[in-house]
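Structure first, commentary second.
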Amino acid sequence: MEVTALQEINETLEGQLEEVSEKLANTASDLETKRHENNTYLDKVSQVLVKNESLEEELALSHKKQESLNGEIDRHNDEIARLNDDVIRLNERIVNRDDEIVRLNNGVARLNEEVDGL
């Protein structure tokens, strides 16, 4: 009877060993799937990091270009201000000349009156 009991224990242990082996195989398969998923994810993260670096470089170049354009705009604005000052001075000269023309016309009119009175 001892042999039968040992055979039953052996069969039970073999069944348990088979279950554990199957679970280990499933776990190994799951781990391999997860490893593949993680590698795929890491590849995507790497691609995003490369793209991010490229975008950062592009942004830096864009900032430099914007600074350059801002400097150019400032120079144009300074030139416009100088030209506006010139226009104001010319307008003042025109007004002064108009005043002189009016004064001279008034003098001519007085002289004409004097000539007519002679």
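Secondary-structure-derived ellipticity at 222 nm for the chain, considering helices only, amounts to -38000 deg cm²/dmol, per-run term -39500 (n - 2.57) for DSSP H runs with n ≥ 4. Please work out, to two decimal places, the log10 of the ratio I(q)/I(0) at q = 0.16, 0.24, 0.27, 0.31 Å⁻¹ from a Debye calculation in which every Cα of region 1-55 carries one identical scatterer. Log10 I(q)/I(0), no solvent term: -0.67, -0.87, -0.94, -1.02. Computed from Cα atoms alone, the Kirkwood hydrodynamic radius reported for the chain is 25.2 Å.
The separation of region 74-98 from region 36-50, counted between C-alpha centres, amounts to 63 Å. Ligands, DNA and RNA are left out, and with a 1.4 angstrom probe the accessible area of the chain is 94 Å² per residue. Cross-link partners for Lys34 among the lysines, with Cα-Cα distance under 22 Å and sequence neighbours closer than 8 places in the same chain left out: Lys23, Lys44. For the pair Leu24 and Asn52, the difference between a 0.36 nm per residue extended length and the Cα-Cα distance amounts to 6.0 nm.
The values are calculated or read from the model by the stated rules, or taken from the named source; none is laboratory data. Treat the numbers as computed from the prediction; the structure is a model and nothing was measured. To get the accessible areas, we keep the full protein, side chains included, count just its heavy atoms, and leave off ligands, DNA and RNA. Shrake-Rupley method; radii C 1.70, N 1.55, O 1.52, S 1.80 Å.
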